[in-house]
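S.K.: After the structure tokens below, expect a handful of questions from me.
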Amino acid sequence: MAEPVTIKAQYFSRGGKRFIVNGVVYQLKPVDGNIRRPVDPLADDQLEVLEAAIPLFKELLLNTLFVYYIDETKNHDAAMNLLAEAGIYVLVCTSGPNRVIHREMSAASYTPRLLQGYFRVVDAMAKYPNTLGFSVADEVINNYSTTDAAPIIRAVTRDVKRYIALQAAKRLQRVIPVGITAGDVWASLEHQFKYSCAGNDEDSVDFFAFNTYSWSGESSMQASGYNNLVTVFESSPVPVFFSQYGNNFQSPRLFRETVAIYADQDMLRVFSGAIVYEFFEEMNRYGLVRRSNNPDIIRLKKLKDFKTLRASLRLALPPLQSALATNVDLRHTFGPVLFESVIPTDTVCVRNLPWRTAEHLNSIFLPDIVKDYSTERKHNGPVDGIIWFHSIASAETAISKFQGRLFKETTLDMCFATYVPVENQYKRIEYSYIAHEPRERPNMPCESTWRASFILVPESPIDWAEVEEQIEMQRIEDGEWVDVQKEVDNMAVDALTSSIKNRLIIDDTDDYTLV
């Protein structure tokens, strides 16, 4: 069973260790092309497609899917269980064709019907341990005139959070985070972020995500504006991540930004990962995988974008995952090699240990030392003293012996470092400790360009006493009665899952075929 992801200060956390999103937008095109009848990609009738896709998710080291539409009338047990087994979480968008905040008529769309629709999605997905969170507004604000929707988004956030809290208390479930996903609109992004995070916990977001396509091709932190994003969000009190990225102005996409997202010191300090757009190829040419047009055969072909993304992820993620596994986050630098042209891939070093550290370490750790550079320095002080170890565990022990000590009234800033190959040379990736400390929420933006601050957040149109009664009645029904039809459906799901596993064929041509 997947361990639930929670929020600890400004970061996601799983099992006491930081969780960084590496995700993809996962949506299916309606067979008839009618967007008013979207497809729920996690429903039982789409299980075969998901089964074929999971091996590809694993190739990309994915841990998150962003799903835009959930049909609350359908069962999702089989899909969520398959994803949980693969270590994959789901970010759920609560909106749909008949339940959406209309950006141009936001006040009129804030009705009990809208909220009840959102609540039904929560009912359908809250029970799964690998539900990462709910996004209650996706790209609603896209220009100046639609900023009036912000108070409605805040009201919906408040109502959904209240419903989840009631449901959690009655059903003894966990409280799942609620947030929003903003569009790629730089003019309103900072204001929307501050407005959404400001104020009380009851009606402010638990996380904030946004789309960004500013990095194209080679680019850089400065040319793409990523350095400006770091400045805007570096004091965030909640987890922040990219809900869409992957500019396709150049094809195939190079995904150089992927390395920056997961291997740049400032990006990792500020952001909690990203979600690439998107898994299946459509007319907009953003897909990683192309699906066969034959409805009787599920055949998934990897596109060039898949392979370039895979290369970037495999470059940046393994060192990060190793560091997070030992709770060593975040300050993360990506710089040139300092000491050797070829570094064994199974070694780890500790930088800024005291001079002649090896002489002071307990002898049981000496055999694990690969090379000691601490005595080769030509200057005084604890700067760049390097000792190589065969394992992270021994490096952790060495750090623990000197953590908090001073050298000439300077704290020893000790950190791990590993080396990874980049374009025929090795680059250093470094990790050290950072505190997960709660931060104050920002003040409401008061600039005249963000007029939503001057509009009152409306009161809820819901009768909460009636909602509580409905939750309690449903809890009693679930606890005292066995839904025979549901039990039969579950048995059918188990049989279907088993059947799919027996039919899945993986060949050597980078295609995944279900026959």
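Quick note: the coordinates plus some simple rules give every number you see, no bench work behind them. Small disclaimer: the values here were computed from a predicted structure and weren't measured. Glycine gets a Cβ as well: all are built from the backbone with ideal geometry, and neighbour counts include every protein chain shown.
S.K.: Tell me the relative contact order for the stretch 64-168 as a rounded percent, counting alpha carbon contacts under 8 Å between residues six or more apart.
M.R.: Dividing the mean separation by the residue count of the stretch 64-168 yields 31 percent.
S.K.: Assigning unit charges at the beta carbon (Lys, Arg +1; Asp, Glu -1) and nothing else, what dipole magnitude in debye, to the nearest 20, does the stretch 249-290 show about its Cα centre?
M.R.: 100
S.K.: Related question: At 7 Å along the Cα-to-beta-carbon direction for both residue 451 and residue 116, put a label point, then send me their distance in nm to one decimal.
M.R.: Reported label-point gap for residue 451 and residue 116 is 3.3 nm.
S.K.: Relative contact order for the stretch 213-284: what is it in percent, counting Cα pairs under 8 Å that are at least 6 residues apart?
M.R.: It rounds to 37 percent for the stretch 213-284.
S.K.: Provide the net charge surrounding residue 62, with neighbours chosen by a C-beta distance below 13 Å and charges set as Lys +1, Arg +1, Asp -1, Glu -1.
M.R.: Here the count lands on +1.
S.K.: I'd like the per residue volume of the convex hull spanned by the Cα atoms of the stretch 162-238, given in cubic angstrom.
M.R.: Per residue, the Cα convex hull of the stretch 162-238 comes to 108 Å³.
S.K.: Between residue 459 and residue 293, how many nm apart are label points set 7 Å from Cα along the C-beta direction?
M.R.: The two pseudo-label positions are separated by 5.7 nm.
S.K.: So if I average 1/r over every pair of distinct C-alpha atoms in the stretch 1-151 and take the inverse, what Kirkwood radius in Å does that give?
M.R.: Values: mean 1/r = 0.0604 Å⁻¹.
The answer is 16.6 Å.
S.K.: Once you have a ≥ b ≥ c as the square roots of the Cα gyration tensor eigenvalues for the stretch 192-301, tell me rounded if a/c is under 1.5, and otherwise prolate or oblate according to whether a/b is larger than b/c.
M.R.: Values: a/c = 2.88, a/b = 1.58, b/c = 1.81.
Taking the square roots of the gyration eigenvalues as a ≥ b ≥ c, the stretch 192-301 is oblate.
S.K.: With Cβ to Cβ distances under 12 Å as the rule, what net charge do the other residues near residue 87 carry (K, R +1; D, E -1)?
M.R.: Details: positive: 14, 58; negative: 3, 85.
It works out to a net charge of 0.
S.K.: Please give the direction-averaged projected area of the C-alpha convex hull for the stretch 120-206, in square nanometres with one decimal.
M.R.: If I average the Cα hull's projected area over directions, I get 5.7 nm².
S.K.: Sort out for me the Cα centre separation of the stretch 175-197 from the stretch 233-287, rounded to whole Å.
M.R.: 16
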